[in-house]
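To start, the structure under review is shown below, and the notes come after it.
Each reported figure results from applying straightforward, stated rules to the coordinates on display, with no laboratory input. Since this is a predicted model, take the numbers as computed values, not measurements. Quick reminder, even Gly has a Cβ in these numbers, built from the backbone with ideal geometry, and neighbours come from all protein chains shown.
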C-alpha cells in the first residue's frame with residue numbers, strides 16, 4: 001500500500017496480561033512486542049493488567065491510565081477451602097440445588113486439568129450430562145478415554161447441565177446465555193499446580209466471560225503449606241543472583257583458551273535457571289521475568305486458607321464469603337496412597353493409618369470403599385486382625401495371610417484352614433528344598449493341632465500340589481506345578 005504502518009497506524013495490544021501470563025509455555029507470544037515498540041502511536045489494554053518491568057515502557061514515556069467504573073461492580077464469591085475436592089464439589093452442588101430449589105440450572109466449571117475434569121465427571125457419574133471445552137490435544141485424549149462430549153471451540157448448542165472449561169477459555173471469549181449459570185472454579189494444588197487461579201486476573205476474566213451475568217461464583221480449593229511464600233524482595237534477589245551466575249559462566253566461556261573448556265562452560269551456562277528469562281536472541285526477556293514473579297506470588301496465595309481469602313479481599317472486585325469443608329480423608333491422603341514411588345509395604349502402612357481415621361458413617365464408608373479399591377487385601381487384613389497385629393507381623397503378606405486363616409479357624413468361620421495355610425506357604429511356579437517342605441508342613445499341622453494321618457515327609461506336598469523333581473543349587477527340591485486340592 002506504499003505506506004509505513006509504524007507511522008500511519010495506531011497499534012492497540014488487547015488482553016495484554018496474556019503476554020506475561022503465557023510466556024512461560026508460549027515463548028513466541030512476546031515477539032510482536034518488538035514491533036509494538038517501533039510504532040509511533042500505540043497502547044496496551046486489559047481489564048486485568050499485570051505490572052510490567054520492560055524498560056522500554058519508561059524509555060518511551062508510557063503512562064498508566066486506570067478507568068474506574070462509576071457503578072457497583074463487585075461480585076459475591078464463596079471461597080471454599082477444603083481437604084477433599086471431590087466431596088466438596090458434591091456438597092456445593094447440593095447446596096446450590098437446595099438454595100435455588102431447582103436442579104435445572106447450568107453449572108460451568110473452570111479447571112485447568114483434563115485429568116481432574118475426567119476424574120470428577122466419572123466419580124460423580126455425570127458423563128451423559130457433561131461437556132468439556134478444551135484444546136485439540138485434550139479433546140483427543142478424552143476421546144481415547146471413551147468420553148465423546150469434548151470440543152475445542154465454544155458452541156452454545158452443545159451446552160449441557162455440567163460444562164467444563166480449561167485455561168484456553170478463561171479469556172477473550174463471549175459466552176452469551178439466556179440463563180445465568182453457576183460458576184465453579186476448582187484448584188487442586190496437590191494434583192496439578194496449573195489449576196491455581198489468580199484472584200486479581202484469572203477469576204475476574206472467568207466471570208467476565210458471561211455477558212448476561214452469573215448466579216453463584218464458588219472457588220473450591222485446597223492449600224499446601226509446602227508452597228513457598230516469598231516476598232517481592234526475595235524473588236527479585238533470586239532473579240538477580242541467577243543473572244550473576246549466568247554472567248560469570250558467560251565470562252568464563254568467552255575467555256576460555258581451549259575448545260574443551262568452552263564446551264564445558266557453555267554446557268554449565270546453558271543449564272542454569274536464568275536461561276528461561278532469555279529470548280531466542282539471548283536478550284533479557286522482561287516478560288518472562290514478570291511471569292516468574294507473578295507465578296511465585298500466586299503460589300503464596302495457596303499456602304494456606306487465610307492467604308487465599310485475603311488475596312480475594314485485596315482485589316476490590318469481590319465480596320468474599322469464606323467457608324471450610326473438612327473430611328477424615330482428603331487430597332493429601334489420596335496423594336500419599338497413590339504415590340508410585342513408595343514400596344507396597346509403605347503404601348499399606350499409609351492405608352492402615354487412614355483406616356484408623358474412619359468411623360462407621362455413610363461418608364466414611366465411601367472413603368473405605370476407595371481404600372478397598374486401592375488395596376483390597378490390606379483392608380480385609382485390617383478388618384480381621386487390626387492395626388497392632390499387622391504391625392507386629394511387619395506387614396509381611398504371607399504372615400498376615402496365615403494369621404487371617406488362623407483367626408477364621410479360631411472363630412470357626414470357614415473350613416479347610418490347614419489346606420489354606422499350606423497354599424499360603426507354597427506358591428505355584430516356585431521351587432522348595434525337600435527339608436523345607438517337610439519342616440513347613442509339619443509346622444502348619446502342629447499350628448492347627450491337626451494329627452497327620454501318616455508320617456509327614458517331603459512327599460506330603462503331593463497331597464496338595466502336582467510337583468516335579470528339581471534342584472536348588474546342589475540340593476534336591478520340588479517344583480510346584482499346579483494345585484491338586
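Going by the alpha-carbon gyration tensor, a ≥ b ≥ c the square roots of its eigenvalues, is region 90-232 rounded (a/c under 1.5) or, if a/c is not under 1.5, prolate (a/b greater than b/c) versus oblate?
Here region 90-232 falls in the rounded category.
Arranged by the count of other C-beta atoms within 10 angstrom, fewest first, what order do 80, 267, 374 take?
Fewest-to-most Cβ neighbours within 10 Å comes out as 267, 374, 80.
If you rank 389, 306, 449 by fewest surrounding Cβ atoms within 10 Å, what's the result?
449, 306, 389
Using R₀ = 41 Å, calculate the FRET efficiency as 1/(1 + (r/R₀)^6) where r is the Cβ-Cβ separation of residue 90 and residue 212; round to 0.05.
So, using R0 = 41 Å, E works out to roughly 0.90.
Extension gain residue 128-residue 144, at 0.36 nm per residue separation less the Cα-Cα distance, in nm?
4.1 nm
I'd like the orientation of helix 286-301 relative to the chain: the angle between its Cα long axis and the longest Cα principal axis, in ° from 0 to 90, rounded to 10.
Orientation of helix 286-301: about 50 degrees from the principal axis.
Determine, for 166, 70, 20, 361, the number of other Cβ atoms within 10 Å of each Cβ, and report the residues in order from fewest to most.
So the residues, fewest neighbours to most, are 70, 361, 166, 20.
Can you tell me which of 169-178, 397-406 comes out highest on packing, and rank the rest after it, using the mean Cβ neighbours within 10 Å?
397-406, 169-178
Is any residue of region 181-215 close enough, with backbone N under 20 Å, to a label point placed 7 angstrom from the Cα of residue 326 along the Cα-Cβ axis, and if so, which?
It comes to 189-190, nothing else.
Can you tell me the length gained on complete extension of the stretch residue 2 to residue 29, counting 0.36 nm per residue apart and subtracting the Cα distance?
6.9 nm
Let a ≥ b ≥ c be the square roots of the eigenvalues of the Cα gyration tensor of region 269-357; is it rounded (a/c under 1.5), or, if not, prolate (a/b larger than b/c) or oblate?
oblate
Using only the alpha-carbon atoms, how far is helix 397-410 inclined from the longest principal axis of the chain? Give it as 0 to 90 degrees, nearest 10.
60
Using the alpha-carbon atoms, what tilt in degrees (0 to 90, nearest 10) does helix 305-315 show relative to the longest principal axis of the chain?
That helix lies at roughly 20 degrees to the long axis.
Mind ranking 132-143, 110-121 by how tightly packed they are, going by the mean number of other C-beta atoms within 10 angstrom, highest first?
Listed from highest to lowest mean packing, they are 110-121, 132-143.
Label point 7 Å out from residue 234 along Cα-to-Cβ: which residues of region 254-296 have amide N under 15 Å?
Zone members listed by number: 293-296.
So, in nm, how far is label residue 45 from label residue 397 when the simple model puts each one 7 Å beyond its Cα toward the Cβ?
Spacing of the two 7 Å Cα→Cβ label points: 6.5 nm.
Percent antiparallel among DSSP beta bridges with both residues in the chain, to the nearest 5?
Around 25 percent of the beta bridges assigned by DSSP in the chain are antiparallel ones.
Which shape class, rounded, prolate or oblate, goes with region 126-189 when its Cα gyration tensor gives a ≥ b ≥ c as root eigenvalues, a/c under 1.5 marks rounded, and past that a/b bigger than b/c marks prolate?
Rounded, because the longest to shortest axis ratio a/c is under 1.5.
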